[in-house]
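The values are calculated or read from the model by the stated rules, or taken from the named source; none is laboratory data. All values derive from a computational prediction rather than experimental measurement. Note that each Cβ is placed from the backbone with ideal geometry, even for glycine, and that neighbours are counted across all protein chains shown.
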């Protein structure tokens with residue numbers, strides 16, 4: 001195995017890449033490259049922006065020193081084939097049906113035999129990064145969630161994402177499961193805070209930060225975070241219990257407000273007899289996803305993961 005791999009995090013409005021030292025296990029200092037991307041642009045424009053960013057990372061050590069390029073990619077996506085299936089998600093829809101691996105390889109002047117491009121769900125990549133080099137290292141069963149624009153989640157056993165089994169939901173994700181009057185994604189995302197705060201205060205805000213700042217002196221804002229934590233505990237309790245979870249890692253922008261909702265969240269779990277370690281990601285979401293996507297370039301790890309990707 002070559003010393004370096006490139007990990008790539010594809011966000012809704014950006015691409016973030018870095019070199020990962022596969023031998024020593026860390027992101028290479030000063031190798032991070034990030035660029036904004038218009039997710040409503042044409043397929044060519046998006047692919048050119050992605051290719052330009054990846055190429056800037058390649059140039060830092062030269063293509064001859066890179067084992068491959070891994071992608072933490074949002075869904076819907078055919079991860080085993082590298083084909084975009086974005087539809088009815090208000091982002092990257094112009095990429096629908098395009099083989100991203102083939103098109104990016106052309107732009108970078110690569111062949112799959114020389115430098116493979118591999119893809120994993122972004123929430124799974126975050127969880128894999130945490131299980132390899134983060135808070136969940138050396139843990140048997142870990143669950144990672146991201147709280148932000150959407151509700152991401154992944155179940156990991158011995159570093160490998162689990163996507164099926166009697167103790168986990170279908171595809172190993174939680175966002176689509178029923179909760180109260182809707183689905184989990186309706187309640188554990190930024191839009192829930194924005195909508196609920198407008199109901200309570202009549203004020204329109206763009207995100208959670210303003211509400212968190214208001215919680216310093218506004219009892220209504222405090223109560224909103226308590227409600228969020230209580231809901232999250234009620235929803236996650238059976239999932240964590242059935243999976244025999246050792247550790248829960250929380251990431252995403254909303255994780256920064258954990259001091260406001262953590263107590264109510266943990267209280268629910270304790271009452272239900274869920275005794276696990278709960279930690280906030282120190283790697284942060286994009287770094288963990290970069291590390292997790294690069295992990296796909298480890299040959300022995302890839303042999304395990306490639307069997308799972310068609311079901312992801």
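Observations on the structure shown:
- In the stretch 151-168, the residues that are over 24 Å from residue 138 (Cβ atoms) and surrounded by fewer than 20 Cβ atoms within 10 Å (Cβ to Cβ): 164, 166
- Qualifying positions in the stretch 91-108 - in contact with a helix residue (DSSP H, G or I) (Cβ under 7 Å, 6 or more places away or on another chain) and over 13 Å from residue 81 (Cα atoms): 92, 94, 95, 104, 107, 108
- Top-ranked residue in the stretch 213-225 [being surrounded by 16 or more Cβ atoms within 10 Å (Cβ to Cβ) and in contact (Cβ under 8 Å) with a residue 12 or more places away in the chain; ranked as nearest to residue 264 (Cα to Cα)]: 225
- Any hit, the stretch 197-210, residues being assigned to a helix (DSSP H, G or I), within 22 Å of the chain's Cα centre (by Cα) and under 22 Å from residue 282 (Cβ atoms): yes
- Inspection of the stretch 243-255 identifies at least one residue that is on the phi > 0 side of the Ramachandran plot, touching a strand residue (DSSP E or B) at 6+ places or on another chain (Cβ under 7 Å) and either assigned by TED's automatic domain parsing to the domain that holds residue 162 or buried (at least 17 other Cβ atoms within 10 Å of the Cβ) (or both).
- Verdict on residue 201 being farther than 29 Å from residue 10 by Cβ, exposed (fewer than 15 other Cβ atoms within 10 Å of the Cβ) and in the same structural domain as residue 180 (by TED's automatic domain parsing): no
- Checklist (1) in contact with a helix residue (DSSP H, G or I) (Cβ under 8 Å, 6 or more places away or on another chain); (2) on the phi > 0 side of the Ramachandran plot; (3) at pLDDT below 95 applied to residue 82, failing item: (3)
- Residue list for the stretch 84-103, restricted to those being in contact with a strand residue (DSSP E or B) (Cβ under 8 Å, 6 or more places away or on another chain) and not in a helix (DSSP H, G or I): 84, 85, 86, 92, 96, 97, 98, 99
- Where a residue in the stretch 71-92 is touching a residue at least 40 places away in the same chain (Cβ under 8 Å) and its partner, wherever it lies, is surrounded by fewer than 23 Cβ atoms within 10 Å (Cβ to Cβ) and not in a loop (DSSP other than H, G, I, E, B), with Cβ under 6 Å and at least six apart: 79/309; 80/309; 80/310
- Residue match in the stretch 62-69 (condition: within 30 Å of residue 175 (Cα to Cα), within 18 Å of the chain's Cα centre (by Cα) and at pLDDT 95 or above): yes
- Residues in the stretch 104-128 that are part of a helix (DSSP H, G or I) and within 20 Å of residue 152 (Cβ to Cβ): 122, 123, 124, 125, 126, 127, 128.
- Search result, residues across the stretch 31-53 that are in contact with a helix residue (DSSP H, G or I) (Cβ under 7 Å, 6 or more places away or on another chain) and free of Cβ contacts under 8 Å to residues at least 24 places away in the same chain: 35
- Take the conditions (1) within 18 Å of residue 74 (Cα to Cα); (2) crowded, with 18+ Cβ neighbours inside 10 Å; (3) touching a strand residue (DSSP E or B) at 6+ places or on another chain (Cβ under 8 Å); residue 135 misses just one of them, which is (1).
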